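Chemist: Below you'll find the structure I mean.
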Amino acid sequence: MQQFCTYGSVRGALGQPASLPQQGACAATEYSPLVRAMRTELKEARRCLSPAENRVLSLLYDLGLKTKEAARDLGVDEQLVWQIKRKALAKLRTRFRRKQPLL
């Protein structure tokens with residue numbers, strides 16, 4: 001993933017962990033043991049991602065930003081956000097295919 005390194009200051013922005021809300025409607029909901037296990041598995045799987053990939057997924061999925069908004073927030077082109085997202089999701093898919101299902 002050499003491409004984003006050429007952007008200089010963006011590299012620092014992409015490496016920053018996302019600040020995610022800890023409270024809210026979802027936090028108050030009681031999750032079943034299966035949902036908690038799935039969340040734990042996903043959290044563990046995201047450790048295999050680069051800081052840039054984690055940041056992009058956090059902006060898009062945890063914070064619900066559109067690709068255009070995430071690109072503006074990071075100061076990069078939408079195409080780069082899309083490429084990073086695609087690579088991160090491919091890594092996660094590969095990781096989950098190798099693991100046994102939770103059920």
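The values are calculated or read from the model by the stated rules, or taken from the named source; none is laboratory data. Since the model is a prediction, treat every value here as computed from it, not as a measurement. Cβ sites come from the backbone with ideal geometry, for glycine too, and all protein chains shown count toward neighbours.
Chemist: Being of a type in the set (A, V, I, L, M) and modelled with pLDDT under 90: is that true of LEU42 here?
Modeler: Numbers: of a type in the set (A, V, I, L, M): yes; modelled with pLDDT under 90: yes.
Answer is yes for this residue.
Chemist: If you don't mind, there's one more thing I want to ask. Looking only at the stretch 46-103, count how many residues are polar (S, T, N, Q) and under 30 Å from PRO33 (Cβ atoms).
Modeler: 4
Conditions (1) surrounded by 15 or more Cβ atoms within 10 Å (Cβ to Cβ); (2) part of a helix (DSSP H, G or I); (3) in contact (Cβ under 8 Å) with a residue 60 or more places away in the chain, marked per residue:
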position	(1), (2), (3)
LEU65	yes, no, no
VAL76	yes, no, yes
ILE84	yes, yes, yes
ALA88	yes, yes, no
ARG97	no, yes, no
